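Enquirer: One structure, pasted below without further comment.
The values are calculated or read from the model by the stated rules, or taken from the named source; none is laboratory data. As the structure is a computational prediction, the values presented were derived from the model and not from experiment. Glycine gets a Cβ as well: all are built from the backbone with ideal geometry, and neighbour counts include every protein chain shown. All accessible areas refer to the heavy atoms of the entire protein, side chains included, with ligands and DNA or RNA removed. Shrake-Rupley method; radii C 1.70, N 1.55, O 1.52, S 1.80 Å.
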Amino acid sequence: MPFFFFDEDLSNNVMIQEALKKICFEKLMAEGYCDMNSVFNRPQLKREEIAFELAKINSPLASLFKRIYPKTIEEAKKRLLAVLEKEAFDIKLLNYYSMFAIVYYIYRTIPTYEERSEKTHAMFGFWKKYLYELSGNFFSSDIDLRISGGILFDFNTVDLRVIRSISNYVDLLDEIKLPEKKVFFRGHSDISYRLLPSIFRKKEWLHNEKKMYQELQINCPGDFSRMKNHLETLAEMQHYGLPTRLLDITQNPLIALYFACESRDTYAGEVILFSIDIDNIKYPQSDTVALLASLPLFTNTVQRDFYFASKDKTLTLDTFNKRITRLVQEVRLERPGFKDEVLPEDLCRSVIVIPSRNNRRIDRQEGAFIICGLLDEIYGNETRNSITDLRAKDIDGKKIVCVIGLKDKIQKQLNSLGINKARIYPEIDDVADYIKNHTDEL
């Protein structure tokens, strides 16, 4: 992997390769953009803060941040490689913050924001061929990489919008409104956050999906006795923090904007816009929803058997359905009339479903879900995030990336409209916390 733009010796270290891939390249390859501000030192981070966070996870990298930063790439290389080689890191145990610290440390040798931006742009430009080979059709030879406000993006596929007020936001919503489409929303308080359901964020969670699903029901039977189907069960598990293949979205644009401003106010937030044909919206009675919501009842090995059967072009539809007989039988337990006429592509889809509002939080947040099947980027070798296919696009077919700046200002505007913690979270402890911290506004 040609990271010699910084230094050839650094390029050959697998830890540094993995860190650069995770922090700088992974989101770009999957979604077409990534936020470089944190490694550009915007906002400015104190050495002591980074050292403290690394010490909390017992990382030997903490020692690097207890000293004044090196002024040259040579000195940075010497110190960094000394720690990495001495400690013999296990790459599998290298967590996200440690990888961030490695990349941040390298970037500190580049003195100004402008130079960091220029060098990063040049490095990615050099990487075009490599990115294309790695990510298949997503990156083409004419990829046009640009940096705006510290966000690196492909100008050919991404329409970058920066929102600094609710009026900016409303203007954008008016622009993308179409009569035959319905728009859904999701707010991220950090634009670096990957657009993935929680179950896909850690391999151990995905590999133990069935076990977690069953254990929570066994240990808390009273909480699930009233559930009518697997979708309701997954929604309840999601509510209590268990990783699932559901991705929370909302029908209310202001709710999503609140989540984008809710925390990490020093980092840019993001509202993700999903635009879907009205006829393609699913409801709890949908056979496709029942099919995808039944996947957690099977081990990861069996799920993979289903996935590879769906990709086998030599199978007839009848043979494919026989290969997934166990899944069809599971769906029939809650839907007796379900037919064994499953299309292979239905297993690998992500669909938007509007659930019943039998949960107070779903009701208050006007919630909906994206329920994800056996995605190619998880069960296969694809690097592009297929969920992004649901994103709203501009008139040129570029997906709209809605960056949220001035979060404090927008949060105050939202509060004046009644969109606040007490509205979003109906549980009494959250309402009490809001009242306690806003006595002057009551």
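Enquirer: Using the structure shown, decide if residue 96 is surrounded by 15 or more Cβ atoms within 10 Å (Cβ to Cβ) and at pLDDT 65 or above.
Expert: Values: surrounded by 15 or more Cβ atoms within 10 Å (Cβ to Cβ): no; at pLDDT 65 or above: yes.
Spelling it out, it is not the case that residue 96 is surrounded by 15 or more Cβ atoms within 10 Å (Cβ to Cβ) and at pLDDT 65 or above.
Enquirer: Just one of (1) buried (at least 18 other Cβ atoms within 10 Å of the Cβ); (2) modelled with pLDDT of 95 or more trips up residue 362, so point out which.
Expert: The one condition residue 362 does not meet is (2).
Enquirer: Next question. Give just the number: which of (1) in contact with a Pro (Cβ under 9 Å, 6 or more places away or on another chain); (2) assigned to a helix (DSSP H, G or I); (3) modelled with pLDDT under 90 does residue 30 not satisfy?
Expert: Result: residue 30 passes all but (1).
Enquirer: Next question, about the same structure. Residue 236 fails exactly one of the following numbered conditions: (1) within 19 Å of residue 330 (Cβ to Cβ); (2) more than 23 Å from the chain's Cα centre (by Cα); (3) at pLDDT below 95; (4) in a helix (DSSP H, G or I). What is the number of that condition?
Expert: Only one criterion in (1) within 19 Å of residue 330 (Cβ to Cβ); (2) more than 23 Å from the chain's Cα centre (by Cα); (3) at pLDDT below 95; (4) in a helix (DSSP H, G or I) is unmet by residue 236, namely (2).
Enquirer: So, one more: Which residues, counting only those in the stretch 321-338, are among the basic types (Lys, Arg) and touching a residue at least 40 places away in the same chain (Cβ under 8 Å)? Steps first, answer last, please.
Expert: Step one: filter the stretch 321-338 for residues among the basic types (Lys, Arg), giving 322-323, 326, 332, 335.
The answer is 335, and nothing else.
Enquirer: Considering only the stretch 394-409, I want to know if a residue exists there that is assigned to a loop (DSSP other than H, G, I, E, B), open to solvent by less than 30 Å² (accessible area, probe 1.4 Å) and under 21 Å from residue 308 (Cα atoms). So that I can check it myself, show each step before the final result.
Expert: Filtering the stretch 394-409 for residues assigned to a loop (DSSP other than H, G, I, E, B) gives 394-398, 405-406.
Subsequent filtering for residues that are open to solvent by less than 30 Å² (accessible area, probe 1.4 Å) retains 394, 405.
Imposing the further condition that a residue be under 21 Å from residue 308 (Cα atoms) reduces the set to none.
No, that holds for no residue.
Enquirer: Starting from residues that are closer than 12 Å to residue 117 by Cβ and assigned to a strand (DSSP E or B), keep the ones in the stretch 131-155 and report whichever is modelled with the lowest pLDDT.
Expert: As a first pass, look at the stretch 131-155 and keep what is closer than 12 Å to residue 117 by Cβ: 145-152.
Restricting the remaining residues to those that are assigned to a strand (DSSP E or B) gives 145-148, 151-152.
Numbers: 145: 83, 146: 87, 147: 88, 148: 89, 151: 91, 152: 89.
This residue is 145.
Enquirer: While we're on this one: Residue by residue through the stretch 256-277, note down the ones that are surrounded by fewer than 23 Cβ atoms within 10 Å (Cβ to Cβ) and over 21 Å from residue 389 (Cα atoms).
Expert: Residues satisfying the conditions are 259, 262, 263, 264, 265, 266, 267.
Enquirer: Please go through the stretch 373-383 and give me each residue that is open to solvent by 30 Å² or more (accessible area, probe 1.4 Å) and in a helix (DSSP H, G or I), ordered by number. Can you show your working first?
Expert: Step one: of the stretch 373-383, the residues open to solvent by 30 Å² or more (accessible area, probe 1.4 Å) are 376-378, 381-383.
Those that are open to solvent by 30 Å² or more (accessible area, probe 1.4 Å) and in a helix (DSSP H, G or I): 376, 377, 378.
Enquirer: Select from the stretch 1-27 the residues that are at pLDDT 80 or above and buried (at least 20 other Cβ atoms within 10 Å of the Cβ) and write down the one among them that is farthest from residue 73 (Cα to Cα). Spell out how you get there, then give the answer.
Expert: Taking the stretch 1-27 as the starting set, the residues that turn out to be at pLDDT 80 or above are 15-16, 18-27.
Add one more test, that the residue is buried (at least 20 other Cβ atoms within 10 Å of the Cβ), and what stays is 15-16, 19-20, 23-25, 27.
Values: 15: 17, 16: 14, 19: 17, 20: 16, 23: 19, 24: 19, 25: 21, 27: 26 Å.
For the stretch 1-27, the residue satisfying everything is 27.
Enquirer: For the stretch 150-192, give me each residue that is within 16 Å of the chain's Cα centre (by Cα) and either surrounded by fewer than 19 Cβ atoms within 10 Å (Cβ to Cβ) or of a type in the set (S, T, N, Q) (or both).
Expert: 189, 190, 192
Enquirer: Checking residue 226 against (1) in contact with a helix residue (DSSP H, G or I) (Cβ under 6 Å, 6 or more places away or on another chain); (2) assigned to a loop (DSSP other than H, G, I, E, B): exactly one of these is not met. Which one?
Expert: (1)
Enquirer: Something else about it: Could you check, for the stretch 244-255, whether at least one of its residues is buried (at least 21 other Cβ atoms within 10 Å of the Cβ) and more than 14 Å from residue 186 (Cβ to Cβ)?
Expert: So far as the stretch 244-255 goes, yes, one or more of its residues are buried (at least 21 other Cβ atoms within 10 Å of the Cβ) and more than 14 Å from residue 186 (Cβ to Cβ).
Enquirer: Give me a count of the residues in the stretch 312-325 that are loosely packed, with under 15 Cβ neighbours inside 10 Å and either closer than 13 Å to residue 347 by Cβ or of a type in the set (A, V, I, L, M) (or both). It would help to see each step written out before you state the result.
Expert: Step one: filter the stretch 312-325 for residues loosely packed, with under 15 Cβ neighbours inside 10 Å, giving 312-314, 316-319, 322, 325.
Adding the requirement that they be either closer than 13 Å to residue 347 by Cβ or of a type in the set (A, V, I, L, M) (or both) leaves 312, 317.
Looking only at that region, the number is 2.
Enquirer: Right, another one. Among the residues of the stretch 156-174, how many are small (Gly, Ala, Ser) and assigned to a loop (DSSP other than H, G, I, E, B)?
Expert: The number of residues fulfilling the criteria is 1.
Enquirer: Separate question: I want to confirm something. Restricting to the stretch 38-57 and keeping residues that are in contact (Cβ under 8 Å) with a residue 60 or more places away in the chain and surrounded by fewer than 18 Cβ atoms within 10 Å (Cβ to Cβ), which single residue is farthest from residue 382 (Cα to Cα)?
Expert: Of the residues in the stretch 38-57, the ones in contact (Cβ under 8 Å) with a residue 60 or more places away in the chain are 38-43.
Imposing the further condition that a residue be surrounded by fewer than 18 Cβ atoms within 10 Å (Cβ to Cβ) reduces the set to 41-43.
Values: 41: 32, 42: 32, 43: 33 Å.
Ranking the qualifying residues of the stretch 38-57, first place goes to 43.
Enquirer: Can I ask one more? Can you tell me which residues in the stretch 339-356 are in contact (Cβ under 8 Å) with a residue 60 or more places away in the chain and open to solvent by 70 Å² or more (accessible area, probe 1.4 Å)?
Expert: The answer is 349, and nothing else.
Enquirer: Looking only at helices (runs of 4 or more DSSP H) that fall completely inside the stretch 269-372, which ones have 1 or more residues that are within 25 Å of the chain's Cα centre (by Cα)? It would help to see each step written out before you state the result.
Expert: Working: elements: 287-293, 300-310, 317-323, 325-334, 360-364.
It comes to 287-293, 300-310, 360-364.
Enquirer: Kindly check whether there is at least one residue in the stretch 196-214 that is buried (at least 20 other Cβ atoms within 10 Å of the Cβ), in contact (Cβ under 8 Å) with a residue 40 or more places away in the chain and part of a loop (DSSP other than H, G, I, E, B).
Expert: Checking the stretch 196-214: at least one residue is buried (at least 20 other Cβ atoms within 10 Å of the Cβ), in contact (Cβ under 8 Å) with a residue 40 or more places away in the chain and part of a loop (DSSP other than H, G, I, E, B).
Enquirer: Now, a different point. Could you check the stretch 326-359 and list, in sequence order, the residues that are modelled with pLDDT of 95 or more and polar (S, T, N, Q)?
Expert: Residues satisfying the conditions are 329, 350.
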